[in-house]
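Inspection log for the structure reproduced underneath, given as structure tokens.
The values are calculated or read from the model by the stated rules, or taken from the named source; none is laboratory data. This one's a predicted model, so the numbers in the text were calculated from it and none came from an experiment. Cβ sites come from the backbone with ideal geometry, for glycine too, and all protein chains shown count toward neighbours. The protein model used for the area step is the full one, side chains on, heavy atoms only, and it has no ligands, DNA or RNA in it. Shrake-Rupley method; radii C 1.70, N 1.55, O 1.52, S 1.80 Å.
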Amino acid sequence: MTFKTIVYSILICSSFIACSTDSESTPSFTDGNNDIITEEIKERNRKNVGSSANDLLSNSTYKSTVFEIFYVKDYKPTDETIENFKKFVTERLNKSKGWELRLEEITVPAKTSYTVDDIIAMENNLRTQYNTDDKIAVFGIYLDAEYANNTENGSVLGIAYQNTSFAIFENTVKSFSNKPLAPSRTVLSSTVLNHEFGHLLGLVNVGSNMQTDHQDTAHGKHCNVEDCLMFWTAETGEGLLNSITGGQIPTLDPQCIADLQANGGK
Ligand SMILES: [Zn+2]
Ligand SMILES: [Zn+2]
């Protein structure tokens, strides 16, 4: 299986266009109705970051959301992180039938780093939840090693890489939370999780049209308001340590919220 990945924003922005170019047959998955999930169905969840923003935010096609989150042993998101995410999701998503979360532990061969292609290959093996008629599916993975494209200036904590897919480099999160005066692992991890999901919701200017001009174009698909969740520093360890004050998880500023509301969200 081969993947062609075009990285359109480097390192810190981490929004990717990734497309699988092969359709190997893996007919073993079925949806809740025991229908076979075809490659054609899976392709709906293999599109560009932000392209499903309206589907995720609004209640027009999909009435509920299922989050399928896998984690490598010892890198499970904390209960508090999940609670924070739940709050973020219910505050912003307009879903009449709510949401569902599936958390599953995985074991993986030891690795020192992951590329986007590595992560997509894992997703293709693990993922069982794809969009159905009225439910939209989101895949997340908590990893035990760092991002392959880290540099000495930036340790990436998370990436959003397809329309309904994100990855969190939880061991990097852990290592930053152990630094002197650092916020807790839950605060760092929650910030990154909410931030990456914010990209899937189309922020900033990547699927949810801006109602006012607030894109920090120098840093890609990010907001120019420094204390906003979508400020660019929220996804590198170095940036986050400098920007989180008082141990609080950053929230969306009014401009980001206005973009989501204009695209069907709350
Ligand atoms: Zn970002
Ligand atoms: Zn903002």
### Task
Mind listing whichever residues of the range 248-266 are within 16 Å of residue 50 (Cα to Cα) and part of a loop (DSSP other than H, G, I, E, B)?
263, 264, 265
### Among (1) over 17 Å from residue 160 (Cα atoms); (2) crowded, with 18+ Cβ neighbours inside 10 Å; (3) in contact with a helix residue (DSSP H, G or I) (Cβ under 6 Å, 6 or more places away or on another chain), the one test that residue 244 misses
(3)
### Query
Considering only residues of the range 146-174 that are out of contact with any strand residue (DSSP E or B) (no Cβ under 6 Å at 6 or more places or on another chain) and open to solvent by less than 10 Å² (accessible area, probe 1.4 Å), which is modelled with the highest pLDDT?
163
### Task
Specify which of the listed residues (64, 52, 60) is among the hydroxyl-bearing types (Ser, Thr, Tyr), within 17 Å of residue 262 (Cβ to Cβ), open to solvent by 10 Å² or more (accessible area, probe 1.4 Å) and at pLDDT 95 or above.
60
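Table: residues versus (1) among the hydrophobic types (A, V, I, L, M, F, W, C); (2) within 16 Å of the chain's Cα centre (by Cα); (3) part of a loop (DSSP other than H, G, I, E, B).
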site	(1), (2), (3)
204	yes, yes, yes
208	no, yes, yes
213	no, no, yes
218	yes, no, no
225	yes, no, yes
230	yes, yes, yes
233	no, yes, no
239	no, no, no
246	no, no, yes
### Query
What number of residues in the range 85-136 are of a type outside the set (A, V, I, L, M) and either closer than 27 Å to residue 264 by Cβ or buried (at least 20 other Cβ atoms within 10 Å of the Cβ) (or both)?
26
### Task
Please identify the pairs in which a residue from the range 179-197 that is away from ligand 1 (no atom under 16 Å from the Cβ) has its Cβ atom under 7 Å from the Cβ atom of a residue that is acidic (Asp, Glu) and not in a loop (DSSP other than H, G, I, E, B), counting only partners at least 6 apart or on another chain.
186/80
### Query
What pairs come up if the first residue lies in the range 224-248 and is at pLDDT 85 or above, the second is assigned to a helix (DSSP H, G or I) and open to solvent by 70 Å² or more (accessible area, probe 1.4 Å), and their beta carbons are under 8 Å apart, counting only those six or more places apart or on different chains?
233/242
### Query
What pairs can you find where one residue is in the range 75-95 and among the acidic types (Asp, Glu), the other is crowded, with 20+ Cβ neighbours inside 10 Å, and their Cβ atoms are less than 8 Å apart, with a gap of 6+ or different chains?
80/186; 80/190
### Message
Considering only residues that are in contact with a strand residue (DSSP E or B) (Cβ under 9 Å, 6 or more places away or on another chain) and small (Gly, Ala, Ser), which ones fall in the range 175-208?
### Response
175, 189, 198
### Residue that is surrounded by the most Cβ atoms within 10 Å (Cβ to Cβ) [pool: residues in the range 175-232 that are more than 15 Å from ligand 2 (Cβ to nearest atom) and among the hydroxyl-bearing types (Ser, Thr, Tyr)]
189
